[in-house]
Amino acid sequence: MRNSIILFVNGEREELSPENSFMTVAEYLRYKKGLTGTKVVCSEGDCGACTILVARMQNGKLGPYKAINSCISFMYLLDQTHLITVEGLKKDNELHPVQKAMVENHGAQCGFCTPGFICAMAALTEDAKNEKFPLEEKRVKNYLTGNLCRCTGYDSIIKSGCSVDLRTTPLLGSFYDDGKIEKELATLKGSVRLTFENKTIFLPASVDEATLEKKTKSPRMISGSTDLGVVSNKGKLALTEMMSLNNIASMYSVEETATHLIVGAKASLAEIEERTAKAFPAFSNNLHIFASPQIKNSGSLVGNLVNASPIADTIPFLRVAEAEVVLRSSAGERVVNVNTFIKGGYKELDMRSDEIVTHIRLPKTNHEYKLYKVSSRRDLDISTVTMAVRYTLKNNVLEEFSLALGGVGPTVLRMNQIEAKAIGQYFNQALFKRLATDVKNSINPLSDVRGSTDFRLILCHNLMLKFCDEVMTDHKISFQEISL
Ligand SMILES: Cc1cc2nc3c(=O)[nH]c(=O)nc-3n(C[C@H](O)[C@H](O)[C@H](O)COP(=O)(O)OP(=O)(O)OC[C@H]3O[C@@H](n4cnc5c(N)ncnc54)[C@H](O)[C@@H]3O)c2cc1C
Ligand code: FES
Ligand code: FES
């Protein structure tokens, strides 16, 4: 068993002691490597000043380079990766085309935000070349939703992104000799255990090893660290006994069968957004406005579910989709419907301390979905209220109607009583006016910084009416033709 973390930083092999492995990535880069181009401003994944690029070994090859926030990630999560910082984009004294474009278009403004913008746009050029899409303003803006510029000089930054010539932009895998790095990283086998002071991290090489560890020591799981990294940085939680499935290649898969889409515990939200576009387009669109590319490249669906926030964006969908949660322990596998996995209390789950979640299975059906997220701003914001509906209309009668609401109780709620009132009814505005009132009368949301009780009640009422209007438009239902 290895007791060090091995990775490459800007093409150089690094072997980290346990002590250094527990540092956040940003701390390690700045204080141990002197790579101070990576900045730390918010320490909570919100501003993008700490953006770096990471490619992870998967089945003997380095995957694509993706932007992540280094302030909320830990070095032990980057075992078997190649990490590139803003300094590493310049080679042989030659600036990367993104860096050149930022200089030429006056996009390089203050030293705090600029390195993060450059790394986020280098990730954009990687995807643009790999996936063969042009650098249009909309794309550039999408890739920059996780980067804040406090002086609001966005115009020149976006202009810089659009002006990069992809033909002369090298892929980072050829810029650095990925083949050489892969050869070295591919020799790393087996599990990793690191201990420093009161902290331990175990990186098992198989699910069996993970379940055995859970049985004997019951460590806390950490996946993309986009929830846990924030609470740790804010001093609200000490991450002491930890385990991550990061080094188990099969956990990154998103597999489509005739009946299900099966999402591995380590599949990133960015990958899931892409892979659900056909089977669950409403969910894919919903993920489009989830956080930022940096967060979605690290964060997982399993992490969002198990964190069990009442305003988690994916849970309303998972509840109406009747998702199946696959749990593993040394006693075997247990598959639980998400609606029983989530119990009534705040963050109360049907998951034993010796269990881990290995997959979430999404049953493929012919139902239609509508998903809503209400937040103060469209991008990179936490929801005030969320709503998910799964429905089937036949001859304008609701054959199926499943409803879930987030941000209105201790957990995301499944509204069984409202569903029972809707099923079998003609779809019209009168029905939804009544149901909207019933929804208001059956919830009791809290007041907090994101919205008062009254505001949340009005939002839920209006979302029901919005859903009604949208479905009537989609299905060309006219008011005159339908009566109760
Ligand atoms: C800037 C920012 C923006 C965000 N925006 C959004 C947003 O728009 N919408 C939203 O819903 N959330 C948002 N989040 C929250 C977060 O990104 C998501 O909840 C994400 O899905 C968490 O996934 P993760 O892999 O990073 O989880 P982690 O932080 O690694 O873990 C979260 C929880 O899951 C548990 N866990 C992880 N893996 C397993 C496993 N295999 N088995 C059992 N338990 C496990 C952990 O123990 C922990 O309790 C945001 C966070 C940040 C920092
Ligand atoms: S420092 Fe702001 S996202 Fe990391
Ligand atoms: S570039 Fe830093 S504040 Fe605008």
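Dividing the helix sum by the residues of the chain, where each DSSP H run of 4 or more adds -39500 (n - 2.57), gives a mean residue ellipticity at 222 nm of -9000 deg cm²/dmol.
Reducing segment 170-185 and segment 325-395 to their Cα centroids gives an inter-centroid distance of 38 Å. Among the trypsin sites (Lys or Arg not before Pro) in segment 378-466, those located in a DSSP loop and surrounded by at most 13 other Cβ atoms within 10 Å of their own Cβ are ARG378. State whether segment 331-452 is rounded, prolate or oblate according to the following rule on the C-alpha gyration tensor (a ≥ b ≥ c being the square roots of its eigenvalues): a/c under 1.5 gives rounded; otherwise a/b larger than b/c gives prolate, and the remaining case gives oblate. The shape class here is oblate. Of interest is the spacing of the C-alpha centroids, which for segment 451-469 and segment 270-313 amounts to 23 Å. Distance between the 7 Å Cα→Cβ label points at ASP155 and LYS433: 4.8 nm. Overall, the accessible surface of segment 232-332 at a probe of 1.4 angstrom is composed of carbon and sulfur to the extent of 50 percent.
Across segment 14-28, rounded Karplus estimates of 3J(HN,Hα) from the backbone phi angles (6.51 cos²θ - 1.76 cosθ + 1.60, θ = phi - 60°) give 10, 10, 9, 6, x, 4, 6, 5, 8, 6, 5, 4, 4, 4, 4 Hz, Gly and Pro being marked x. Within segment 155-226, the GluC sites (Glu not before Pro) that combine a DSSP coil assignment with at most 12 other C-beta atoms in a 10 angstrom radius are GLU197. Of the solvent-accessible surface of segment 378-474, computed with a 1.4 Å probe over protein heavy atoms with every protein chain present, carbon and sulfur atoms account for 50 percent.
Using the 1.4 Å probe convention, the accessible area of segment 50-192 works out to 43 Å² per residue with neighbouring protein chains retained. Contact order for the chain, expressed relative to its length and based on alpha carbon pairs under 8 Å spaced 6+ residues apart, stands at 11 percent. Looking at segment 365-416, the accessible area is 39 square angstrom per residue; that uses a 1.4 Å probe and ignores ligands, DNA and RNA.
Once divided by 2.2 N^0.38 Å, the Cα radius of gyration of segment 266-420 becomes 1.02.
Site-free segments of the chain were taken between chymotrypsin sites (Phe, Trp or Tyr not before Pro) in DSSP loops having at most 15 other Cβ atoms within 10 Å, sites themselves excluded; the longest one is 1-345. Counting heavy atoms of the protein chains alone, THR473 has an accessible area of about 100 Å² for a 1.4 Å probe.
Accessible surface computed residue by residue for segment 208-329, with neighbouring protein chains in place and a 1.4 Å probe, gives 35 Å² per residue. Of all beta bridges DSSP finds with both residues in the chain, what is the antiparallel percent, to the nearest 5? So the antiparallel bridges in the chain amount to around 90 percent.
The values are calculated or read from the model by the stated rules, or taken from the named source; none is laboratory data. As the structure is a prediction and not an experimental result, all values here were calculated from the model. Note that we place each Cβ from the backbone using ideal geometry, even for glycine, and neighbour counts take in every protein chain shown. Surface areas here come from the heavy atoms of the whole protein model, side chains and all, with no ligands, DNA or RNA. Shrake-Rupley method; radii C 1.70, N 1.55, O 1.52, S 1.80 Å.
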